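The values are calculated or read from the model by the stated rules, or taken from the named source; none is laboratory data. Since we're looking at a predicted model, the values are computed, not measured. Backbone-built Cβ (ideal geometry, glycine too); neighbour counts: all protein chains shown.
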């Protein structure tokens, strides 16, 4: 390897003189396996090879300025004519090929003892650059030529690109844009991914072009450090709670300057805490040294930083990287997320990541969310966080997402929680001792000493919860040196958690669980405070929440339809019986897809499943918007569904179902292809597409009404509805 610390002033003077009038070409020759030749044939043969190379260069190069031999590295400097850069490069390329061919032939002819002989060649053009010291310009050209020769790549197409890239590094002329990462449990911002951009209008504006070029120039570490610095310095609007995700290549472990000390100093300058920084280890290139990587990352973790595996599912070793590095976040690549709402294979793969993450206590971030359907799908699957153009585009400012988007996310969580767990947090509430904020800590400690089963105390003011003090946190504080002396007579509000998790009693436990498990690690198992219209009514422990969710999921899984996840026939019968027993009026809507067999035959069963899922989503959305909280949506089987509601105007519910169905059905099929569809008798259909028929039975139950009577009336209403074209509903009133 060449030692670049030498200072060849005569060489620099020669080059400087020539650069006044014309560019200078630099050619580098690397003798393949030179060390092996020396070990096999001796030093004398090696000296003969170098002598032949000198003679060839002198004879073939008409405008030779000089050459330098450093060990077995041969550098040739030659004057070049003025002209278009591409033409000058071709002249230099031709010279390289001529020297290479002549030298290889001459060595093999004069040294027949050699079995083979090869030269690796690299070249570059040195231009007159007034803004930089000549030593730096020549040094950069030497590095470029060696890099070309060593990796056997074609020379770079233009030295102007190299100069432009080097100028970008010299001027630190890159910037960061920030894309929000959204918490899907409530629509808040978890943090922002910092994305690097080159200068506007330059060939290096796109990050992939910038970093690919940096890799070819062996400058990826320099660029990465600069990108990290720019990303952190642009985080003035980050606040105290949000995180910044910074991309680092897996090869960063080889960078001697990738040290916690330097990054920590930069964070202090930017006013950012280590726990707010997440290093995204890009997974598109293989991680070869997991032991070293784990040591480096563990050192960072000990400082408070967090780790994410980026591009999971698109790289070479996703599962191994997750198992070995045990990251805090897994960012699932957009190739597995985009279109997941209508791709069963992607859904299954994403589901595998989710299940694995739950077992390992890792958070999932879905990348590439570009439309509402994918967003709704990943929320229903239980993905924790998401980012993508639909949620927010990269911007120089750290922007929030729209309020309409937040409301939509909230609505989808309610739908999911209602299906998976109709139980609300209020049903798990147990009482807990409360104290006023001015109560002294000694009173709290004495209470907890006497009540060993109590997990903590709640601080309330005018019946509203304002703080929480967990038992183990109080004991830990008092156990410190002088802990009792310093704190025994202080008011409890001085040490209480002023930001406990407080939820309303009607919130589904599934949603409470999602919010609770995204808290900071040191608060992960703190109890949840429950209110009713803002007033404190009790608490729920994380253990009771998780146990309840597990039981509900097991029960639902036994009877739910596997395609839609909706309750099946047994639960449907229980729901109808409960309404009949109550003797209160209710409505039953039987939902049937028209020409579903024709749709399946024409577009295939996978598209048929998508139509079933779409109908299921329509019924859930409309039921949530237009129905009552206690309304029920079930899946009878195939293309048949049921809605049971207690609203006063069930016809309005039917109208909303039809409107919602019509608004998006065209996205599921090709309308021109539908014109070729045939019915069960092989005759062409006369419909404009798949339609829906609703049979509405309005029940005012008495002692004689039973589920069989409802089924009979529903069959009649269904026949009447299906006799009419288009999306229709037929009403039958049972007295």
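Observations on the structure shown:
- For residue 120, the criteria (1) modelled with pLDDT of 85 or more; (2) more than 30 Å from residue 244 (Cβ to Cβ); (3) buried (at least 21 other Cβ atoms within 10 Å of the Cβ) hold in every case but one, which is (3).
- Any pair with Cβ under 7 angstrom, 6 or more apart, that starts in segment 715-730 at a residue that is closer than 11 Å to residue 590 by Cβ and ends at one that is at pLDDT below 90 and in a helix (DSSP H, G or I): 729/721; 730/717; 730/720; 730/721
- Selected residue [surrounded by 13 or more Cβ atoms within 10 Å (Cβ to Cβ) and under 51 Å from the mean Cα position of the chain (by Cα)] from 45, 27, 57: 27
- Single residue of segment 449-458 satisfying the filter (within 45 Å of the chain's Cα centre (by Cα) and surrounded by fewer than 21 Cβ atoms within 10 Å (Cβ to Cβ)) that is nearest to residue 468 (Cα to Cα): 455
- Pair list, Cβ under 8 Å, 6 or more apart: segment 583-606 residue in contact (Cβ under 8 Å) with a residue 24 or more places away in the chain and at positive phi, other residue buried (at least 19 other Cβ atoms within 10 Å of the Cβ) and outside any loop (DSSP other than H, G, I, E, B): 595/691
- When residue 702 is tested against (1) farther than 17 Å from residue 585 by Cβ; (2) out of contact with any strand residue (DSSP E or B) (no Cβ under 7 Å at 6 or more places or on another chain), just one condition goes unmet, and that condition is (1).
- Condition met for residue 644 (surrounded by fewer than 20 Cβ atoms within 10 Å (Cβ to Cβ), touching a strand residue (DSSP E or B) at 6+ places or on another chain (Cβ under 9 Å) and not in a loop (DSSP other than H, G, I, E, B)): no
- Residue 449 meets each of the listed conditions (1) in contact with a strand residue (DSSP E or B) (Cβ under 9 Å, 6 or more places away or on another chain); (2) outside any loop (DSSP other than H, G, I, E, B) apart from (1).
- All of (1) touching a residue at least 12 places away in the same chain (Cβ under 8 Å); (2) out of contact with any helix residue (DSSP H, G or I) (no Cβ under 7 Å at 6 or more places or on another chain); (3) more than 30 Å from residue 379 (Cα to Cα); (4) exposed (fewer than 12 other Cβ atoms within 10 Å of the Cβ) hold for residue 446 with one exception: (1).
- Qualifying residue in segment 672-681 (condition: assigned to a helix (DSSP H, G or I), more than 29 Å from residue 587 (Cα to Cα) and in contact (Cβ under 8 Å) with a residue 40 or more places away in the chain): yes
- Whichever residue in segment 411-429 is part of a helix (DSSP H, G or I) and modelled with pLDDT of 85 or more and, among such residues, is surrounded by the fewest Cβ atoms within 10 Å (Cβ to Cβ): 427
- Against the test of being outside any strand (DSSP E or B) and under 30 Å from residue 701 (Cα atoms), the options 510, 584, 547 yield a single qualifying residue, 584.
- The set of residues from segment 312-330 being modelled with pLDDT under 80 and either assigned to a helix (DSSP H, G or I) or surrounded by 18 or more Cβ atoms within 10 Å (Cβ to Cβ) (or both) comprises 313, 315, 318, 319, 320, 321.
- Where residue 163 falls short, out of the listed (1) over 26 Å from residue 365 (Cβ atoms); (2) modelled with pLDDT of 80 or more: (2)
- The listed residue being free of Cβ contacts under 8 Å to residues at least 60 places away in the same chain, touching a helix residue (DSSP H, G or I) at 6+ places or on another chain (Cβ under 6 Å) and in a helix (DSSP H, G or I), out of 232, 210, 226: 232
- Residue match in segment 690-698 (condition: in a loop (DSSP other than H, G, I, E, B), surrounded by fewer than 21 Cβ atoms within 10 Å (Cβ to Cβ) and at negative phi): no
- Summed over segment 605-630, the residues that are crowded, with 20+ Cβ neighbours inside 10 Å and in a loop (DSSP other than H, G, I, E, B) give a count of 1.
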